[in-house]
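Report on the structure given below.
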Amino acid sequence: MNIKSLGYVGIGTANPGAWRDFAVEVLGMMPARAVPGEGWGEPGQPRPDTGRPEGVAEDGSVYLKMDERQWRVAVHKSEEDGKLLYFGLELDGHLELAAAVAELRAEGIEVREGTPADALARAVTGIAYCADPSGNQLELYYGPTTDYNFASPVPDLKFVAGALGVGHFNLFVDDQEKCFDFYTRVLGFKLSDYIRFGPDAALQFLRCNARHHSIAMVDMGAGNVLQHMLVEMTDIDDVGKTLDRAKRYGLDVVSTLGRHRNDGMLSFYMRAPGGFDVEVGCGGKLLDESWSPNEFCEGDVWGHDGLVEAVVEASETARARMQAAAS
């Protein structure tokens, strides 16, 4: 299977409007000019007035742009605050999607092929659904809608997205061995590198294109949790200005600026509405086919003070939720 990129992400939160404010005012994302399923109106004419703020659907879901795609991040109202509801993995076309469905079914994995209405709800041409061994909901798709009119509300800010996809996320998973097999052997992701946290835990970094990793995962004994997602910017000054805006906005900045040793990302982390963390960075490594996976030690060249504590806090919070749900 040849996955092109992590194309989009769907997040659940108690207050999508708060996430819209955060994404627009702090991160510099742009509200989607039309949400999936809405008409674009006649060419050269103003779009029909929906009576809602841009990027907000009838059900209150929020859709956000980072580049020429119609949308990259969707935020839906959910009782589970900060939950990763789904993510989209892009394929080249309908033949590739049909082949992927056949490969998954040959592995005994349940797959649902989407209807035209399902595809319209994601602004794509074709779509199919499955889950990874930890229960994360995957959407395989092709033919995303393009809207070239991206302009960040923050002057001159640009994201590193395009063919590289929306960014990356780090997942706590509850069956890492099976997840690793699923993403690498079945979906075709490649291991970039890994770091051990003792004899029974290792954070693995997986890629599907030149971006160092699109998915990272580790079993923290905390179930299935979105720990953080990355948005990458083109310029270090944009990262620094985002840090300034985060502080003015009163957000919890959970790590100082720093540079990761493995992917070279210069970044900081902050707590987003919904309880998970968002990494904002620049300068991430791009890998080619000559790259060999390796184990590395020490997560950072410098900085990122507070990051380890934030990861531990997230795992403890998730374990407490699991215990409360089981009692």
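Matching residues to (1) in contact with a Phe, Trp or Tyr (Cβ under 7 Å, 6 or more places away or on another chain); (2) within 22 Å of Asp67 (Cβ to Cβ); (3) assigned by TED's automatic domain parsing to the domain that holds Phe182:
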position: Met220; (1), (2), (3): yes, no, yes
position: Thr234; (1), (2), (3): no, yes, yes
position: Leu251; (1), (2), (3): no, no, yes
position: Gly275; (1), (2), (3): no, no, yes
position: Gly281; (1), (2), (3): no, yes, yes
position: Asp300; (1), (2), (3): no, no, yes
position: Ala310; (1), (2), (3): yes, no, yes
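Yes/no matrix, rows are residues, columns are (1) at pLDDT 95 or above; (2) closer than 22 Å to Glu96 by Cα; (3) among the aliphatic types (A, V, I, L, M); (4) in contact with a helix residue (DSSP H, G or I) (Cβ under 7 Å, 6 or more places away or on another chain):
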residue: Ala117; (1), (2), (3), (4): yes, yes, yes, no
residue: Val124; (1), (2), (3), (4): yes, yes, yes, no
residue: Tyr129; (1), (2), (3), (4): yes, yes, no, no
residue: Pro144; (1), (2), (3), (4): yes, yes, no, no
residue: Pro153; (1), (2), (3), (4): yes, no, no, yes
residue: Gly165; (1), (2), (3), (4): yes, yes, no, no
residue: Asp175; (1), (2), (3), (4): no, no, no, no
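When you go through Gly28, Gly51 one by one, which is the residue that is on the phi > 0 side of the Ramachandran plot and at pLDDT 95 or above? Only one candidate passes the filter, namely Gly28. When restricted to residues that are over 27 Å from Leu171 (Cβ atoms), small (Gly, Ala, Ser) and outside any loop (DSSP other than H, G, I, E, B), the range 117-155 contains 1.
The residues listed here are Trp19, Trp40, Trp71; of these, the one that is in a loop (DSSP other than H, G, I, E, B) and surrounded by 21 or more Cβ atoms within 10 Å (Cβ to Cβ) is Trp71. Within the range 176-198, residues that are β-branched (Val, Ile, Thr) have Cβ atoms under 8 Å from residues that are surrounded by fewer than 18 Cβ atoms within 10 Å (Cβ to Cβ) and part of a strand (DSSP E or B) in these pairs: Thr184/Lys190; Thr184/Leu191; Ile195/Ala202; Ile195/Glu295, counting only partners at least 6 apart in sequence or on another chain.
On the stretch given as the range 277-313, residues that are part of a loop (DSSP other than H, G, I, E, B) and small (Gly, Ala, Ser) total 6.
Determine if the range 45-55 includes at least one residue that is in a strand (DSSP E or B), touching a helix residue (DSSP H, G or I) at 6+ places or on another chain (Cβ under 7 Å) and not assigned by TED's automatic domain parsing to the domain that holds Ala210.
Of all residues in the range 45-55, those in a strand (DSSP E or B) come to none.
Looking through the range 45-55, none of the residues is in a strand (DSSP E or B), touching a helix residue (DSSP H, G or I) at 6+ places or on another chain (Cβ under 7 Å) and not assigned by TED's automatic domain parsing to the domain that holds Ala210.
Please work out if Phe169 is part of a helix (DSSP H, G or I), in contact (Cβ under 8 Å) with a residue 24 or more places away in the chain and buried (at least 21 other Cβ atoms within 10 Å of the Cβ). Give the derivation first.
Working: part of a helix (DSSP H, G or I): no; in contact (Cβ under 8 Å) with a residue 24 or more places away in the chain: yes; buried (at least 21 other Cβ atoms within 10 Å of the Cβ): yes.
Answer is no for this residue.
Before we move on, is Gly274 modelled with pLDDT under 95, crowded, with 17+ Cβ neighbours inside 10 Å, part of a loop (DSSP other than H, G, I, E, B) and not β-branched (Val, Ile, Thr)? Judged against the criteria, Gly274 is a match.
Residue by residue, here is whether (1) among the basic types (Lys, Arg); (2) modelled with pLDDT of 95 or more; (3) part of a strand (DSSP E or B); (4) within 20 Å of the chain's Cα centre (by Cα) holds:
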position	(1), (2), (3), (4)
Phe180	no, yes, no, yes
Arg185	yes, yes, no, no
Ser192	no, yes, yes, yes
Asp200	no, no, no, no
His213	no, yes, no, yes
Gly221	no, no, no, no
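Regarding Asp238, is this residue among the charged types (D, E, K, R), more than 14 Å from Gly303 (Cα to Cα), out of contact with any Phe, Trp or Tyr (no Cβ under 7 Å at 6 or more places or on another chain) and assigned to a loop (DSSP other than H, G, I, E, B)? Give the derivation first.
Working: among the charged types (D, E, K, R): yes; more than 14 Å from Gly303 (Cα to Cα): yes; out of contact with any Phe, Trp or Tyr (no Cβ under 7 Å at 6 or more places or on another chain): yes; assigned to a loop (DSSP other than H, G, I, E, B): no.
So Asp238 does not fit the description; no.
Annotation for the range 154-165: at least one member residue is outside the structural domain of Gly37 (by TED's automatic domain parsing), more than 24 Å from Ala216 (Cβ to Cβ), surrounded by fewer than 18 Cβ atoms within 10 Å (Cβ to Cβ) and of a type outside the set (Lys, Arg). Please find, within the range 253-271, the residue that is modelled with the lowest pLDDT out of those that are surrounded by fewer than 20 Cβ atoms within 10 Å (Cβ to Cβ) and assigned to a loop (DSSP other than H, G, I, E, B). Residue satisfying both the conditions and the ranking: Arg261.
The values are calculated or read from the model by the stated rules, or taken from the named source; none is laboratory data. Predicted, not measured: the structure shown is a model, and the values here were computed from it. As a convention, Cβ positions derive from the backbone with ideal geometry for all residues, glycine included, and neighbour counts pool all protein chains shown.
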